[in-house]
Structures are given as C-alpha cells and as structure tokens.
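*Asks:* One structure coming up, written as structure tokens, with questions to follow.
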Amino acid sequence: MGRAWIAAWWAYWAWRLTRKASPPPVQAVGQLYRRLRRATHFLLTVEQFGAAVPPSAWGQAATVSLGALTRQAASPPWKGRLLYALTQARQPQRILELGTHIGLSTLYLGLAAPTAELHSVEASPTLLRYARTHARLLGLRPIFHVGTFAEVLPTLQGPWDLVYVDGDHRPEALLSYGQALFAQLTEGGWLLCDDVFWSRSLYRAWRTLAALPWRQRSLIGPFGLLQK
C-alpha cells in the first residue's frame, strides 16, 4: 500500500503543475467552498471546542459568519484534492473522520470512496447541521456522531481502513486518540493526521505517535500519514 500513497502524491502534484481539470466530484466541492466563503453576512451561533479554546470554555457559543468559518477551518480545494487522491488510493471500506466541521472534508472522503461506510464525529451540533445539509446536496449519507472525541470514540467499533483526524489539535489529545485507534486499524490501514505542523508541540506529538510499530510513516503536505 506504500506505492498507493506515492502514486496519489505524484498524481496530486501532476495536477497542481499542469492545472488539469479536477475530477467532477472535486469540482463540485470546490464550488461549494467558494460559495460558502462569500457568505460573510450570514451569521450563526457556534459551540466552541478544540485546541484554540480553553477547556473551561468548551461548549460556549460564539457568533461568527459562515464565510469566516469556511475560511478559517474548512478544507480548501487544494487540500481537498489531495485528501480525495489519498482516499482513492487507499480504497477503504470503513472510514472514520474526527472533526467534521461543516463537512467539506467529509465530502472529499465520501466522494472518493462512495461505497465505503463513513463515520464522522463533531462536537458542535450547529456545525453538524451544516455538514448534514452539504452531504445531502451531493448525494452522500455519512453516519454523523455528535459529541467530543472522548465521548464518542468509546461508542464506536473498528476495524477502520482509514482514520482521518482533523480536530482537537492538542498534542496530548492526538497521542491519546492515535494510540487508541492504532489497535482499531486494519492491517495496512491508515491514520491520516491533518495539520501536523499546526504547532511545534503538535508536530512533536505526531513524531511520538509515529514511534509505534507502523509499517510506513510519511509527511505528505499538511498530512502525517501512518500505515499499520
């Protein structure tokens, strides 16, 4: 499976350099992203979670525009294209996403593996409502779970062929969830961690996690890929 991600990586860069048209599913998500970015006057109240929020303030609401939410944390087209290519290369049957946000990364995962069973976890009920809407727009039916990772993970059962982590960027959280998920991955399964360069401490946590007996360890753009 090592050759699969190498092929996906080169296919992605060939696309970047030649500017060939993206596959239609990728174009559809990119168009949605651009529309959402322009929604700067559409305000919503969102529950706050994650590394940027003190744990004592988790769950407290803040008002933000949909456009700002999209620009700040949703997967942009260049990253989505890479996520799509990697997912296609892995050909997973069961996918777990930690950190749904408004669901754009969920769309890339689901469209790249349309026959896979896709589970996605998000702590904010408000964000999850938008993710559900976006999934319906593109004809996908992921299984969404509302709650923090600590609340939801014990209720889910592997095995997983692909786990995509894009939320709760606290170093201790990545180590805890990553170590727990190692046992739930299939042989050859991938743990794909987004934003590993988000902070020095998060990158160090990923390096510590990579010391487990993985078959492959790779940095691919913003992703840290670990193959069991």
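*Asks:* Report, by residue number, each residue of region 113-131 that is part of a loop (DSSP other than H, G, I, E, B) and either out of contact with any Pro (no Cβ under 9 Å at 6 or more places or on another chain) or under 16 Å from GLY158 (Cβ atoms) (or both).
*Replies:* THR115, ALA116, ALA123, SER124
*Asks:* Next question, about the same structure. What's the number of the condition GLY59 fails, among (1) on the phi < 0 side of the Ramachandran plot; (2) modelled with pLDDT under 95?
*Replies:* Here GLY59 meets the rest and fails (1).
*Asks:* Out of all the residues in region 34-66, which are under 21 Å from ASP195 (Cα atoms), outside any loop (DSSP other than H, G, I, E, B) and not charged (D, E, K, R)?
*Replies:* Of everything in region 34-66, just one residue is under 21 Å from ASP195 (Cα atoms), outside any loop (DSSP other than H, G, I, E, B) and not charged (D, E, K, R), namely PRO55.
*Asks:* With THR155, THR148, THR208 as the choices, which residue is at pLDDT below 95, over 20 Å from LEU86 (Cβ atoms) and assigned by TED's automatic domain parsing to the domain that holds ALA112?
*Replies:* Residue meeting the stated conditions: THR148.
*Asks:* Would a scan of region 29-50 turn up a residue that is closer than 26 Å to PHE182 by Cα, in contact (Cβ under 8 Å) with a residue 24 or more places away in the chain and of a type in the set (Gly, Ala, Ser)?
*Replies:* yes
*Asks:* Among ARG141, ARG81, which is the only one that is outside any helix (DSSP H, G or I), out of contact with any Leu (no Cβ under 7 Å at 6 or more places or on another chain), of a type outside the set (A, V, I, L, M, F, W, C) and farther than 19 Å from VAL46 by Cα?
*Replies:* Exactly one residue qualifies, and that residue is ARG141.
*Asks:* Which condition number does HIS101 fail, the rest of (1) assigned by TED's automatic domain parsing to the domain that holds THR186; (2) on the phi < 0 side of the Ramachandran plot; (3) of a type outside the set (D, E, K, R); (4) not in a helix (DSSP H, G or I) being met?
*Replies:* (2)
*Asks:* Let me ask something additional. Answer with yes or no whether ALA150 is surrounded by fewer than 15 Cβ atoms within 10 Å (Cβ to Cβ) and among the hydrophobic types (A, V, I, L, M, F, W, C).
*Replies:* Taking the combined requirement at face value, the residue satisfies it.
*Asks:* Could you go through region 199-210 and let me know if any residue there is part of a strand (DSSP E or B) and without any contact (Cβ under 8 Å) to a residue 40 or more places away in the chain.
*Replies:* So far as region 199-210 goes, no, none of its residues is part of a strand (DSSP E or B) and without any contact (Cβ under 8 Å) to a residue 40 or more places away in the chain.
*Asks:* Any idea how many residues of region 211-228 are assigned to a loop (DSSP other than H, G, I, E, B) and free of Cβ contacts under 8 Å to residues at least 60 places away in the same chain?
*Replies:* 5
The values are calculated or read from the model by the stated rules, or taken from the named source; none is laboratory data. Predicted model, so just to flag it, every value in this text is computed and none were measured. Please note: Cβ atoms are built from the backbone with ideal geometry, for glycine as well, and neighbour counts cover all protein chains shown.
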